[in-house]
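The values are calculated or read from the model by the stated rules, or taken from the named source; none is laboratory data. Source: prediction; values computed, not measured. Note: ideal-geometry Cβ built from the backbone for every residue, glycine included; neighbour counts use all protein chains shown. Ligands, DNA and RNA are stripped out before the accessible areas are found, and what is left, the full protein with its side chains, is counted by its heavy atoms. Shrake-Rupley method; radii C 1.70, N 1.55, O 1.52, S 1.80 Å.
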Amino acid sequence: MTIEQMRQMYQAQPFQPFDIHLADGRSVPVLHREFMISSPSGRTVIVYQPDDSFNIIDLLLVTDLEVKAPAAAAGTA
C-alpha cells in the first residue's frame, strides 16, 4: 500500500466508504472523509468512528483497501 493510493481513496469524488485491511487481519472502516486525518508525512492516518473511538494506522501495515458498494445499489440485483 502506498501513501498515494490512500490519498486517492480519501480524495475520490464522490467519496465512497471503504475498509482498510491490516496485516494482522483487522479491518477498519472509513465511513466519511471527515473521519480520517493523515499525519504531515502521510505515513500514519487516524480513523475515527461515529462513537468517537479511533485507530492510529501505520500505512506500512495496510494490505488492502476495500471500497464499499453504495447503499442504494447494494439492495438491487
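Of all residue pairs spaced 6 or more apart or on separate chains, those with beta-carbon atoms under 6 Å, a first member in the range 13-27 that is over 10 Å from VAL67 (Cα atoms) and a second member that is open to solvent by 80 Å² or more (accessible area, probe 1.4 Å) are HIS21/THR63; LEU22/LEU61; ALA23/LEU61; ALA23/THR63.
Of everything in the range 46-62 that's over 18 Å from ARG7 (Cβ atoms) and outside any strand (DSSP E or B), which residue is least open to solvent (accessible area, probe 1.4 Å)? The residue in question is GLN49. Can you name every residue in the range 17-44 that is open to solvent by 40 Å² or more (accessible area, probe 1.4 Å) and in a strand (DSSP E or B)? Residues satisfying the conditions are HIS21, SER27, PRO29, ILE37, SER38, THR44. Mind counting the residues in the range 1-33 that are out of contact with any strand residue (DSSP E or B) (no Cβ under 7 Å at 6 or more places or on another chain) and under 20 Å from ASP52 (Cβ atoms)? The number of residues fulfilling the criteria is 4. Among the residues making up the range 28-58, those that are in contact (Cβ under 8 Å) with a residue 12 or more places away in the chain and among the polar types (S, T, N, Q) are SER38, THR44, GLN49, ASN55.
From the list GLU4, GLU66, the one residue that fits, being among the acidic types (Asp, Glu), out of contact with any Ser or Thr (no Cβ under 6 Å at 6 or more places or on another chain) and in a helix (DSSP H, G or I), is GLU4.
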